[in-house]
Structure formats: structure tokens, C-alpha cells
Amino acid sequence: LAELDEAIELLDSTQTYAFVGVAQVIRAQVLALLGQHTAAEADLARARAVGAERNIDRVAFRADLAEAHLACRGGDLERAQKCLRGAGAMLEISGHAAVALHTEHRASWASAAVELELAQTRFPQALRLATAALAQARRSGRPRMQIEFRIGQALAHQGMANMPAAARAM
């Protein structure tokens with residue numbers, strides 16, 4: 001957190017607004033994991049403001065995805081769905097949704113979508129999405145995303161009471 005605080009201060013002073021916004025989203029995620037939800041919400045709001053003032057779509061996209069994850073974990077599935085729809089619309093506008101090989105943004109969106117399907121106890125849908133996204137993550141060489149999607153597969157299998165498949169995915 002101290003490193004993020006320092007980075008945000010430095011980035012703000014150099015007026016590298018896209019990086020300021022992204023750093024605020026990352027700090028919001030850390031704050032939420034620490035249980036500091038009010039501070040996390042404030043950082044997301046600041047990130048969105050920076051993105052809106054400077055017309056930086058990727059900041060709003062990342063803020064929407066972070067909020068979708070946080071809303072899933074907090075049980076606010078309606079808000080998570082709304083944020084995911086907003087991020088999906090940005091993917092469409094930017095052209096990231098139309099490319100054959102998933103971009104990092106598309107993979108990040110898929111990760112949030114898998115989490116939402118799991119939170120809604122829609123395990124077969126979560127499994128299909130995680131499996132398709134895992135194949136894309138392999139093709140595009142994203143090992144961290146491969147791990148996320150394998151975990152999504154494992155949780156979906158667990159939700160369907162298929163413990164041997166869950167263990168294989170893990």
C-alpha cells in the first residue's frame with residue numbers, strides 16, 4: 001500500500017493520468033482485500049473521475065472490472081452485472097471484443113464474468129466460460145490468467161459436486 005501511495009503521488013505529479021487511474025484501481029483492489037471498502041470505493045471513484053476528465057477509457061474499463069469483482073465478493077450481484085456490462089460495452093467500442101485471440105482486456109473481462117457466474121451459482125455457464133477463456137489464455141501465453149481460469153473451472157466443478165474434476169482442475 002505504501003508503494004502504491006508513493007506511485008500514485010509520483011504519477012500524479014508527472015501528469016501521467018492513465019497510469020494514475022490504473023494505480024488507483026489497483027490500490028482500490030488492495031484496500032478491498034484489506035477490508036477497507038470505503039477507501040476502496042473512494043479510489044475507484046477517483047480513478048473514474050481521472051478517466052472521464054481525460055477521456056481514458058482503459059481506466060474506466062479497469063475500474064468497472066475491479067468493481068464487478070468487489071461487488072461479487074460482497075454479494076451485490078446486480079451491481080457486479082451492471083459493471084460487467086459497462087466493461088463489455090467498452091470492449092466492443094475499442095475493438096477488443098472482435099479479435100480472434102483474446103487481448104489482456106478481454107481475458108480480464110472473462111475472469112470477472114466467470115466470477116459472476118460462480119457467484120450466481122450458474123456453475124455450468126461458469127465452467128464453459130472458464131474453459132473457453134483458458135484455451136485463449138494458453139494461445140496468448142498468459143500463465144497468470146491460465147491459473148485464474150483453472151481455479152474457475154475447479155470452483156464450477158465443485159459447485160456441481162464433481163470433486164474429482166475439481167481436483168484435476170486444481
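Have a look at 133, 166, 154 and point out the one that is within 21 Å of residue 61 (Cβ to Cβ) and hydrophobic (A, V, I, L, M, F, W, C). Give the derivation first.
Values: 166 fails: within 21 Å of residue 61 (Cβ to Cβ); 154 fails: within 21 Å of residue 61 (Cβ to Cβ).
Going through 133, 166, 154 in turn, the sole match is 133.
Candidates 36, 15, 29: the one that is closer than 17 Å to residue 65 by Cα and open to solvent by 50 Å² or more (accessible area, probe 1.4 Å) is 29.
Would you check which residues across the range 119-145 are buried (at least 20 other Cβ atoms within 10 Å of the Cβ) and touching a Gly at 6+ places or on another chain (Cβ under 7 Å) and list them? Across the range 119-145, the qualifying residues are 126, 130.
Looking at (1) surrounded by 15 or more Cβ atoms within 10 Å (Cβ to Cβ); (2) outside any helix (DSSP H, G or I), which is the only condition residue 60 fails? Unmet for residue 60, out of (1) surrounded by 15 or more Cβ atoms within 10 Å (Cβ to Cβ); (2) outside any helix (DSSP H, G or I): (2).
Go through the range 42-57 and report how many residues are of a type in the set (Asp, Glu) and buried (at least 19 other Cβ atoms within 10 Å of the Cβ). Explain how you work it out, then say what you get.
Going residue by residue through the range 42-57, those that are of a type in the set (Asp, Glu) are 43, 53, 57.
Keeping just the survivors that are buried (at least 19 other Cβ atoms within 10 Å of the Cβ) gives 43.
Matching residues across the range 42-57 total 1.
The values are calculated or read from the model by the stated rules, or taken from the named source; none is laboratory data. Bear in mind the structure is a predicted one, so any value in this text is a computation, not a measurement. Virtual Cβ from ideal backbone geometry, glycine too; neighbours counted across all protein chains shown. Just the protein is used for accessible areas: all its heavy atoms, side chains included, with ligands, DNA and RNA removed. Shrake-Rupley method; radii C 1.70, N 1.55, O 1.52, S 1.80 Å.
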